[in-house]
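Notes to accompany the following structure.
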Amino acid sequence: MKLNYNLNPEDPNLSARVFNFSRPKSEDLEKALSRITASISKEVNKKLFKLNKKKNKKNSDIQEDNSDVDSVNKNGRVCVEDENVLKIELYNIDNELVDSKLTNKEAWVQGSYLNLGNFQFKVDLNPPAVTELSLPVVLMSGYPIYANLSVEFTDTKDSDIKWYVEVKDSNSLNESTHAKPKKIPKRSPENWSLVSTNPTFLPSDVQVGLHIKITCQPKNGERLGEEVEVISKHPIIEGPINCPFEKRHQHTKSLTSEDRFRVISYNILADLYADSDFSRSFLFPYCPPQFLDINYRKQLLIKEIIGYNADLICLQEVDKKIFDLELQPILEKLDMEGLMKMKLGEVAEGCATFFRRSKFKYIESYDIGLAEYLAGNDSNKDIVDKISKNAKFFEKFTSRNSVLQTTLFQSHSDPTNFLIVATVHLYFHPRASNIRLLQSHLCISYLQTLIERIKNISPSLIYCGDLNASSSSGVHEYLLGKEVSPTHADWFSGGEEYVPDLHLKHELDLINATGFSRYTNYVGGFNGCLDYIYASGLNALKVIPLPSHEEVTAHTALPNQYFPSDHLAVGCEFAWRSDSKMNVDE
């Protein structure tokens, strides 16, 4: 139970103060009042001590405040000792004294009054309140600013948001826009100009070099909560213009029609792997550190992802903090809902799937960890028996933390259409094609079993992600050809890890909707097509074109100032099989 008190002393020298308490509902009122007395008395003493200290300087003696102060202790601290001052009582809305033996839940009623000595508090029970309000560290012109806002006892959409830009003189605006600010601007109203009352704010080029301020007043009907404000730590800087992904957005300007849907799959490069001395020195030495910083990259990622106007967004290498604090709250405002499946073990990243609520209804999640599925499902017993004979391969495979995020959706436009969306990030090591081949089989085997289990609704399938497999790999031979022989070269990629007689098959009719591009991953020393969208029971209509080779290599490799990840997003528009003919148009 949360209680809010506004202390507004009649003495103009004592400033107002809001007290907030969180107490157990089952606690006796008597105990709660005792705690409240201690807190408020301490604050009153502090204020009165400061007040009398000021009077002492003027009058060379501490002046007695007849209404609130009875004595001064040896250290010169004002003490609230008068019996009347210490008396605390709760009165209900009928001005009747509340029994102190009642529980907090029974005693506290909206509109009650708490008397503490000569002070009176109006009880505000569970008022609308801002629990979190913060701004991104990096603010860039041309890139929408989304505040991290959380409220309680109301909804964020019912809150009054105001954005302000710092007001400076012309001389100040001529200073370097990248210079570190000497100080955060003062909070007086004349230093700020109101620029927006929308949930988000898009800074323009003329605002580069200026700080911003956001205020939020939570509301619940006629009840108003305390307004909270936050000032940016750094001024707005110039954002990169004409990023290659903005050209791709020319192909996704609008949402899809009712009978179609757009899917993107994107490995967004987890901060877990980008923010390290190793990544800065060895993985991406060509990329200046400020462009590897997640505070910079996330601005580009959010703008890029939103611009695809996708109905299904499948992401890999998603940091838990980025999902919780950035992607989920921001995309939620745009009719998208997100689900996340963390990798096994202690790894703080995983796969995430976002779906457009107006297009799809979420039915159920069927996520698995691949190593757990191998060991825990009886249908895999033959495979387990074979690979367990090679201890090196068995240990290597079962220690992998890969997951298959699997979600069932239903179409709103035609409730007879169901769709399974599965996204995966297969093991990355260049000499682990054998691992990826078996991982792929487990994914498809599991999906085939799931489809059979719910065959009464005849679900279509999207299987996508970072497969870490080039066009010539056994993974694609297996997916498209429905089997891979036990003598395929990929089984020998691990040297001593070779396991004989692994003949894998499946029965799904899959298409490679996004095809085999020149590459979807381009880093120093390697490039290749690793990211794909496979489908079954759907018509692939239009693939989102990839950036040109000149654009990708303009700054050596990925990531860089204009590309937030070392991968490129792949995307395709689909129609339900009955709506159009099969036609993949790249």
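No value in this document is a laboratory result; all are computed from the given coordinates. What you see is a predicted model; the values in this text were computed from it and never measured. No Cβ is skipped: glycine too gets one built from the backbone with ideal geometry, and neighbour counts run over all protein chains shown.
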Anything over 31 Å Cα to Cα? Flag those among K455/K542; K42/K168; K105/K233, in the order listed.
K42/K168; K105/K233
Taking 0.36 nm per residue of sequence separation and subtracting the Cα-Cα distance, how much length would be gained by fully extending the chain between R431 and E372, in nm to one decimal?
19.0 nm
Tilt, helix 29-59 to longest principal axis of the chain (alpha-carbon atoms), in degrees rounded to tens, equals 60 degrees
Relative to the longest principal Cα axis of the chain, at what angle does helix 294-307 sit, 0 to 90 degrees, rounded to 10?
70 degrees
What ranking do V318, V424, V499, V347 get, fewest neighbouring Cβ atoms within 10 angstrom at the top?
V347, V499, V424, V318
What distance in nm lies between label points placed 7 Å from Cα along the C-beta direction at Q290 and E30?
6.4 nm
Among T154, T200, T520, rank each residue by its count of other Cβ atoms within 10 Å, from fewest to most, as a rough exposure measure.
T200, T154, T520
Looks like the range 358-500, by Cα gyration tensor root eigenvalues a ≥ b ≥ c and the a/c under 1.5 rounded cutoff (else prolate when a/b is bigger than b/c, oblate otherwise), is prolate
Please say if the range 300-385 is rounded, prolate or oblate, where rounded means a/c under 1.5 for a ≥ b ≥ c the square roots of the C-alpha gyration tensor eigenvalues, and otherwise the choice is prolate for a/b larger than b/c and oblate otherwise?
prolate
Please report M336, M140 as a ranked list, fewest other C-beta atoms within 10 angstrom at the top and most at the bottom.
M140, M336
For the chain, the charge dipole (Cβ of Lys, Arg +1; Cβ of Asp, Glu -1; about the Cα centre) points to a positive end, and the Cα of T398, C572, L139 closest to that extreme belongs to L139
How long are the three semi-axes of the equivalent ellipsoid for the range 348-418, computed from the Cα gyration tensor as the root of 5 times each eigenvalue, in whole Å, largest first?
35, 15, 7
In 20 Å bins starting at zero, report the fraction of Cα pairs in the range 244-576 per bin as a rounded %.
32, 60, 8
Sort 448-460, 267-279 for me by packing, meaning the mean count of neighbouring Cβ atoms within 10 Å per residue, highest on top.
267-279, 448-460
Only four residue types carry charge here, +1 at the Cβ of Lys and Arg and -1 at the Cβ of Asp and Glu. Report the dipole size of the chain about the Cα centre in Debye, rounded to the nearest 20.
1000 debye
Past the 19 angstrom mark, what percentage of all C-alpha to C-alpha distances in the range 418-492 do you count?
36 percent
Shape parameters for the range 184-256, alpha-carbon atoms, Rg then Dmax in Å
17.1, 47
Cα extents of the chain along the three principal axes, largest first, in whole Å?
97, 63, 49
Quick check on my link table: of K162/K333; K341/K381; K219/K321; K343/K396; K219/K361, which ones sit more than 20 Å apart, alpha carbon to alpha carbon?
K341/K381; K219/K321; K219/K361
What would the Debye equation give as log₁₀ I(q)/I(0) for the range 234-378 at q = 0.10, 0.20 Å⁻¹, counting only Cα atoms as equal point scatterers?
-0.42, -1.33
Could you compute how fast the range 440-586 diffuses translationally, taking Rh as the Kirkwood radius over C-alpha pairs and applying Stokes-Einstein at 20 °C with viscosity 1.002 mPa s? Give it in µm² per second.
125 µm²/s
Fully extended, how many nm does the chain gain between R577 and I454 (0.36 nm per residue separation, minus their Cα-Cα distance)?
42.4 nm
Length released on extending from D414 to D155, taking residue separation times 0.36 nm less the Cα-Cα span:
90.1 nm
